[in-house]
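Only one structure is covered here, and it is reproduced in the block below.
The values are calculated or read from the model by the stated rules, or taken from the named source; none is laboratory data. Keep in mind that this is a model prediction, so the values were computed, not measured. Cβ sites come from the backbone with ideal geometry, for glycine too, and all protein chains shown count toward neighbours.
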């Protein structure tokens with residue numbers, strides 16, 4: 001899990017950031033990215049210690065994610081930057097562009113720019129520092145895995161808070177993804193300001209509701 005970090009350290013680069021995002025697929029809520037920089041001596045020591053089982057956040061249980069989140073956020077030897085892409089931005093520029101912008105914001109939120117970033121997935125242009133893209137990086141780089149956990153927990157917390165504001169949608173359970181329960185709630189209650197109206201399921205459901213409402217109005221006028 002330190003292979004990519006070591007390659008960069010051997011090139012004389014010191015501040016290495018792992019970068020990952022969460023929330024491309026949901027129908028509601030923001031996309032969230034995190035950038036994580038470990039102090040080298042600390043992560044070389046703890047990669048086989050307290051962070052031995054740190055990996056892609058999707059492979060961890062909620063309890064494991066929360067435990068790693070606490071370790072990462074409480075350590076003075078771990079630097080974290082977080083970026084958000086709002087629903088308004090996603091609808092305006094598309095989810096891919098918003099995701100890339102959000103990754104850049106996460107890097108820019110660090111105390112100082114890293115010498116290099118290891119980014120999960122495909123290459124990302126226009127980041128504020130040089131970068132290397134690694135497919136499935138969240139399972140291959142400990143820095144990216146840490147960013148994956150941070151982004152996932154922060155976004156889940158945001159969606160849990162949204163669930164308190166809009167309990168009828170069940171955001172706390174599905175986190176905005178297009179589950180059958182979420183689709184049924186959309187059909188019943190319609191989209192909120194937190195839904196991505198540029199996403200086809202939301203757009204189509206709003207169309208269905210509009211047709212039904214207009215049809216009901218026409219029927220009422222004809223009676």
Given (1) part of a strand (DSSP E or B); (2) at pLDDT below 95, number of the condition residue 37 does not satisfy: (2)
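For the subset of the stretch 30-42 comprising residues that are buried (at least 24 other Cβ atoms within 10 Å of the Cβ) and more than 10 Å from the chain's Cα centre (by Cα), which member is nearest to residue 88 (Cα to Cα)? Quick ask: steps written out before the conclusion?
Narrowing the stretch 30-42 to residues buried (at least 24 other Cβ atoms within 10 Å of the Cβ): 30-38.
Restricting the remaining residues to those that are more than 10 Å from the chain's Cα centre (by Cα) gives 35-38.
Numbers: 35: 23, 36: 26, 37: 29, 38: 33 Å.
Ranking the qualifying residues of the stretch 30-42, first place goes to 35.
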Among the candidates 24, 53, 65, residue that is touching a residue at least 24 places away in the same chain (Cβ under 8 Å) and part of a loop (DSSP other than H, G, I, E, B): 24
